[in-house]
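A.B. asks: Quick one: structure below, then a few questions.
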Amino acid sequence: MKKQTEPFVLRRHHLTHIPELGVEKGFLDKNFARGCSMYHCNSQCCRHGVMIDPDEKQNILNHAEMIQRYMEPHQDKDPSSWFDDTDEVDADFPSGRALGTQMKSYGCIFLDTAGRCTLQKAAMGEGLPKFSLKPFYCVAYPLTIEDGVLVMDDPDFVGRSECCSIVPNGEQSVFDVCPEELEFVLGKEGMQELKEHNHTSSKS
């Protein structure tokens, strides 16, 4: 099978702020261990919080009272404490700006003792779509976008082959392990375009 030796561009995805989304060299060649599943996540990837778009921050604040009801005693329920002072220019976000969630000793401000996201827990508890409050890059992980290019986040960041770390000679592809994340990031058409490119590359 031919390796993906060059980066390429996706145009049928649904990220309107990045019309031509690059895909990093070797993205389709990354493999995961047998049995690896995102359902085995222990939330170690949440330990440093996350960068979010200003619109995502506002969406969270608009639902503050609802979110507070699902917070545990150790979590700070004051919405003014939920975000840090980060405010960066970043074209990988729809608004062109990136803000940060507050980090505590246990990880992201929204992380509960079971390692679950309070934002997702609140949304599901109230009958909303499960990702309606959760930041884009939380849902997308281990996928991320850097300088307009779809990449796999640094596997050494988590170091857990049972959930999301890349391993040599792994038996599962990114399509096997991250189908929900790929569709979330790219949309159905974008994911189909990625699969088509993978099919073409594998036959070359």
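A.B. asks: Among the residues of segment 53-63, are any under 17 Å from the mean Cα position of the chain (by Cα), at positive phi and open to solvent by less than 20 Å² (accessible area, probe 1.4 Å)?
C.D. replies: Looking through segment 53-63, none of the residues is under 17 Å from the mean Cα position of the chain (by Cα), at positive phi and open to solvent by less than 20 Å² (accessible area, probe 1.4 Å).
A.B. asks: Could I ask something else about it? From the list ASP53, ASP92, ASP87, ASP76, pick out the single residue that is touching a residue at least 12 places away in the same chain (Cβ under 8 Å), within 17 Å of GLY115 (Cα to Cα) and not small (Gly, Ala, Ser).
C.D. replies: From the options ASP53, ASP92, ASP87, ASP76, the qualifying one is ASP76.
A.B. asks: In segment 113-130, what residues are surrounded by fewer than 18 Cβ atoms within 10 Å (Cβ to Cβ) and either in a loop (DSSP other than H, G, I, E, B) or within 16 Å of the chain's Cα centre (by Cα) (or both)?
C.D. replies: Those that are surrounded by fewer than 18 Cβ atoms within 10 Å (Cβ to Cβ) and either in a loop (DSSP other than H, G, I, E, B) or within 16 Å of the chain's Cα centre (by Cα) (or both): THR113, ALA114, GLY115, ARG116, GLU126, GLY127, LEU128, PRO129, LYS130.
A.B. asks: If you don't mind, another one. I'd like to verify a number: residues in segment 87-112 that are out of contact with any helix residue (DSSP H, G or I) (no Cβ under 6 Å at 6 or more places or on another chain), part of a strand (DSSP E or B) and modelled with pLDDT of 95 or more, how many?
C.D. replies: 6
A.B. asks: Let me ask something additional. Checking HIS13 against (1) part of a loop (DSSP other than H, G, I, E, B); (2) over 19 Å from the mean Cα position of the chain (by Cα); (3) not aliphatic (A, V, I, L, M), which test does it fail?
C.D. replies: All conditions pass for HIS13, except number (2).
A.B. asks: Going by the conditions given, is PRO135 touching a residue at least 60 places away in the same chain (Cβ under 8 Å) and either open to solvent by 60 Å² or more (accessible area, probe 1.4 Å) or closer than 29 Å to PRO7 by Cβ (or both)?
C.D. replies: Details: touching a residue at least 60 places away in the same chain (Cβ under 8 Å): yes; either open to solvent by 60 Å² or more (accessible area, probe 1.4 Å) or closer than 29 Å to PRO7 by Cβ (or both): yes.
So PRO135 fits the description; yes.
A.B. asks: If you don't mind, there's one more thing I want to ask. Among the residues in segment 18-31, are any open to solvent by 30 Å² or more (accessible area, probe 1.4 Å), modelled with pLDDT of 95 or more and over 20 Å from CYS178 (Cβ atoms)?
C.D. replies: For segment 18-31, residues open to solvent by 30 Å² or more (accessible area, probe 1.4 Å), modelled with pLDDT of 95 or more and over 20 Å from CYS178 (Cβ atoms): present.
A.B. asks: Right, next: Going by the structure shown, is VAL167 in contact (Cβ under 8 Å) with a residue 12 or more places away in the chain and over 16 Å from the mean Cα position of the chain (by Cα)?
C.D. replies: Values: in contact (Cβ under 8 Å) with a residue 12 or more places away in the chain: yes; over 16 Å from the mean Cα position of the chain (by Cα): yes.
Against the criterion (in contact (Cβ under 8 Å) with a residue 12 or more places away in the chain and over 16 Å from the mean Cα position of the chain (by Cα)), VAL167 qualifies.
The values are calculated or read from the model by the stated rules, or taken from the named source; none is laboratory data. Just so it is clear, the structure is predicted and the values come from calculations on it, not from any experiment. Positions of Cβ are generated from backbone atoms using ideal geometry, with glycine treated the same way; all protein chains shown enter the neighbour counts. Side chains are part of the model used for accessible areas, which takes the heavy atoms of the whole protein and leaves out ligands, DNA and RNA. Shrake-Rupley method; radii C 1.70, N 1.55, O 1.52, S 1.80 Å.
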